[in-house]
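> Have a look at this one.
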Amino acid sequence: IGVNDYIFIDGYRKLLEVKSKGGLKNIELLIPVIELRLKEFGGAKNKFSRVNFHIIFSEELPPDLIEQQFINRLKTKYLVNPKYEKIAKSWSSLVTRESLEELGNIIISSVPKEERKNFGSPLIEGFNNLNFNYEHIQDCLGNDLFKDKFITAVGKTEWADIKWSDNTIAEKKNIINSVDCVFISSYSYEDFYGAQKSLAASGVNSKLLDCSDAHYYSNSKEKDCIGKCFSWIKADTS
């Protein structure tokens, strides 16, 4: 199971502690995942969309090392979505759960009261409006401590939402071609293979990995639940 708390690693650390005390006996491997929204693509056909960039770290890396040498370096350079850039200037520069809630509250309070029902919690809104520069992420991953200790991926759905244009085509191709694989959570095998063919037809990275993208427990009828799919990777052991 890849444990994804977006820009935090608290959940992974907590589950490691549970496992060290004899819990989670049915889970063979826990791996830490960081997910970030890239700033590079701001426009899509009829909606605002960002590409989700995933870093799947090796279980050999201690949580404190990932936090100190990657997450904390990453937090020194971030951008707020242009729509709220001006009002966010009063916001604290240190990214914590509390400061993200503060940013979310600033954003929510800036819109008319009748529109606020369309927003999520302050923490979610704060995170949703935080973006990172792709080059800065790569720079942080260039630390020798992480060499051969991570793989990268982008979300296919968000990437596909971005329209092809003369201004974005180079960046759009560069980001998907520079990652190790592409993530998707398909409704069916047919949908998965259709998505893979569309990537191949576009001449970009088509190493597509179907994931549970689990937002619900395994007894849920929702598509994105624990254990929805099992992807087998055929490769030499290493």
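The values are calculated or read from the model by the stated rules, or taken from the named source; none is laboratory data. Just so it is clear, the model here is predicted, and its values are computed rather than measured. Because the Cβ atoms are built from the backbone with ideal geometry, glycine has one as well, and the counts that use them run over all protein chains shown. These area figures cover heavy atoms from the full protein model, side chains too; ligands, DNA and RNA do not enter into them. Shrake-Rupley method; radii C 1.70, N 1.55, O 1.52, S 1.80 Å.
> Computed from the coordinates I sent, volume of the Cα convex hull per residue in Å³ equals one of (1) 162; (2) 138; (3) 257. Tell me the label.
(1)
> I'd like the FRET efficiency for residue 157 and residue 94, computed as 1/(1 + (r/R0)^6) with the beta carbon distance as r and R0 of 30 Å, rounded to 0.05.
That gives a FRET efficiency of 0.45.
> Cross-link list 77/113; 156/223; 75/117; 156/207: which exceed 20 angstrom alpha carbon to alpha carbon?
Pairs exceeding the cut-off: 77/113; 75/117.
> Mind checking which aspartates and glutamates have their C-alpha under 16 Å from residue 234, skipping anything on the same chain fewer than 8 residues away?
180, 210
> Oh, and also: In debye, nearest 20: dipole of the range 136-238 around its Cα centre with unit charges on the Cβ of K, R (+) and D, E (-)?
Value, rounded to 20: 200 debye.
> Something else now. For the range 191-232, report the translational diffusion coefficient in µm²/s to the nearest whole number, using Stokes-Einstein at 20 °C, 1.002 mPa s, and a Kirkwood Rh over Cα pairs.
186 µm²/s
> Continuing with the same structure: Dipole size in debye (nearest 20) for the chain around its Cα centre, Lys and Arg Cβ +1, Asp and Glu Cβ -1?
Roughly 500 debye for the chain.
> Which sequence of 59, 67, 190 reflects their accessible areas, 1.4 Å probe, from the largest down?
The residues order as 190, 59, 67, largest area first.
> Still on this structure: Under a crude label model (7 Å from the Cα following the beta-carbon direction), how far is residue 207 from residue 25 in nanometres?
Computed distance between label sites residue 207 and residue 25 equals 3.7 nm.
> Please give me the summed charge of the neighbours of residue 231: other residues whose Cβ is under 12 Å from its Cβ, Lys and Arg +1, Asp and Glu -1.
That sum, taken over residues with Cβ under 12 Å, equals +1.
> In nm, to one decimal, how far is the modelled label at residue 105 from the one at residue 18, with both set 7 Å along Cα→Cβ?
3.0 nm
> Still on this structure, please answer the following. By how many nm would the segment from residue 136 to residue 190 grow when fully extended, if each residue of separation counts as 0.36 nm and the alpha-carbon distance is taken off?
15.8 nm
> Separate question: With every protein chain kept in the model, how would you rank 215, 54 by accessible area, 1.4 Å probe, largest at the top?
These residues rank, largest area first, as 215, 54.
> A follow-up question, please. Are there trypsin sites (Lys or Arg not before Pro) in the range 79-145 that DSSP marks as loop and that have at most 10 other Cβ atoms within 10 Å, and which are they?
86
> Counting residues in the range 102-153 as N, plug N into 2.2 N^0.38 Å and put the Cα Rg over that result.
For the range 102-153, the normalised Cα radius of gyration comes out at 1.72.
> Here is a further query. Quantify, in whole percent, the carbon and sulfur part of the accessible surface of the range 1-41 (1.4 Å probe; protein heavy atoms only).
Of the solvent-accessible surface of the range 1-41, carbon and sulfur hold 54 percent.
> Taking only C-alpha pairs under 8 Å that are 6+ residues apart, what is the relative contact order of the chain in percent?
16 percent
> How large is the dipole of the range 64-132 about the Cα centre if only Lys and Arg carry +1 and Asp and Glu carry -1, each at its Cβ, rounded to the nearest 20 debye?
240 debye
> Pull out the extension gain between residue 219 and residue 64, defined as 0.36 nm times the separation in residues minus the alpha carbon to alpha carbon distance; nm, one decimal.
This chain segment gains 52.5 nm when fully extended.
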